[in-house]
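Report on the following structure.
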Amino acid sequence: QVQLVESGGGLVQAGGSLRLSCAASRTFNSLIISWFRQAPGKEREFVATISRIGSRPYYVDSVKGRFTISRDNAKSTVYLQMNSLKPEDTAVYYCAATYRLNLSYEKRNEYDYWGQGTQVTVSS
């Protein structure tokens with residue numbers, strides 16, 4: 001069993017920045033870790049993912065150029081640096097993990113472990 005704990009959410013004005021963290025309880029190097037978000041009344045959507053060795057980040061189009069995903073395997077932590085935040089980025093942000101070797105990153109049901117989520121609110 002893998003436990004994921006997100007932190008770093010909060011309230012920020014439009015144009016501001018936040019850095020989210022996702023800490024894992026188990027062996028980290030074999031996990032694919034991704035970030036999803038869910039806004040009120042909307043489905044949970046994929047935001048970003050990163051490979052096991054920290055290369056090949058992949059982002060949803062709406063955050064490209066503003067968000068950066070990274071990982072520190074020594075600390076068993078994945079980060080999501082969010083810059084130039086917009087009100088439409090307001091959501092609960094979740095990290096998700098899987099040991100699967102091949103997966104469709106954007107599909108929620110490909111992931112076996114989820115964190116509890118952290119709220120990000122961007123005011124206009």
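Close contacts from region 17-36, counting a first residue that is over 19 Å from GLN1 (Cα atoms) and a second that is open to solvent by 40 Å² or more (accessible area, probe 1.4 Å), with Cβ to Cβ under 6 Å and a gap of 6+ residues or different chains, come to SER17/ASN83; ARG19/GLN81; SER21/SER7; PHE36/ARG44. Could you tell me whether region 73-87 includes any residue that is outside any strand (DSSP E or B), in contact with a strand residue (DSSP E or B) (Cβ under 9 Å, 6 or more places away or on another chain), on the phi > 0 side of the Ramachandran plot and not hydroxyl-bearing (Ser, Thr, Tyr)? Checked against the condition, which is being outside any strand (DSSP E or B), in contact with a strand residue (DSSP E or B) (Cβ under 9 Å, 6 or more places away or on another chain), on the phi > 0 side of the Ramachandran plot and not hydroxyl-bearing (Ser, Thr, Tyr), region 73-87 yields no hits at all.
Could you please find all residues in region 1-19 being polar (S, T, N, Q) and either surrounded by 20 or more Cβ atoms within 10 Å (Cβ to Cβ) or within 11 Å of TYR93 (Cα to Cα) (or both)?
SER7
Within region 20-45, the set of residues being modelled with pLDDT of 95 or more and crowded, with 20+ Cβ neighbours inside 10 Å comprises LEU20, CYS22, SER34, TRP35, PHE36, ARG37.
GLU110 satisfies every condition listed in (1) without any contact (Cβ under 8 Å) to a residue 40 or more places away in the chain; (2) out of contact with any Lys or Arg (no Cβ under 7 Å at 6 or more places or on another chain) except (2). Between LEU101, LEU85, the distinction of being in contact with a Ser or Thr (Cβ under 9 Å, 6 or more places away or on another chain) and over 21 Å from VAL5 (Cα atoms) belongs to LEU85 only.
The values are calculated or read from the model by the stated rules, or taken from the named source; none is laboratory data. From a predicted model like this one, the values you see are computed outputs, not experimental measurements. Quick reminder, even Gly has a Cβ in these numbers, built from the backbone with ideal geometry, and neighbours come from all protein chains shown. Surface areas here come from the heavy atoms of the whole protein model, side chains and all, with no ligands, DNA or RNA. Shrake-Rupley method; radii C 1.70, N 1.55, O 1.52, S 1.80 Å.
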